[in-house]
Amino acid sequence: MNTHDQALNFGRPMAEIGARFSPEELLLFSDLLDQVQSLYTGRLQAVKLVGSRARGTATDRSDYDFLLFLDRCDHETEVPKLEEVAYQLTLKHGLGAVSLSPLTLEQFNGLDARYPGITDDFRGDAVNLWP
C-alpha cells in the first residue's frame, strides 16, 4: 500500500459496524455506491460516511454526509453533478437529506486551514463504505 492509499485508509470498516444500520440505510449506501462508481469509473478512490450518522448520534432529522475521494476534483464540475445524484437518492429513499462532498486527498488535508480540527473529526467518525 503506497503512502497515498494509506492516507485514505481511515474509518471503521462497514463489515464491523454494518449491523448498526437499518436495511433501508444499507440499500441507500448500495445505491449511492452504484451511482458514484458508475459516474467516476477509474477516478473514485474512497467513499466515507461521516457526521452524526457515522458516529451513531443521529436524530430523525439528521442528514447523510458522504465524502467522495476522487483522483482529481474541480468543484465547479463535480458539485452540480453530485447535487442531482444526492437529490435523487434523497427522493428515492426518503430517509433524510443526502449530502455528497467530492474532494481529493490534498483538498481534504487542506480543510483544517479553514475549519480547524475537522479532518481529525472526520477520521474519528468515518465509516469506510468503499473500497
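Quick look at the values:
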{"item": "Among [x] 35, 29, 29; [y] 65, 31, 24; [z] 76, 31, 31, the entry derived from the coordinates for Cα extents along the principal axes in Å", "result": "[x]"}
{"item": "GNM top mover of R114, R55, R12 - the chain, alpha-carbon springs below 10 Å", "result": "R114"}
{"item": "Length added when fully stretched, I17-S52, from 0.36 nm per residue minus Cα-Cα", "result": "11.2 nm"}
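Every number in this text was worked out from the coordinates using simple rules, so none of it is lab data. Model, not experiment: these values are computed from the prediction.
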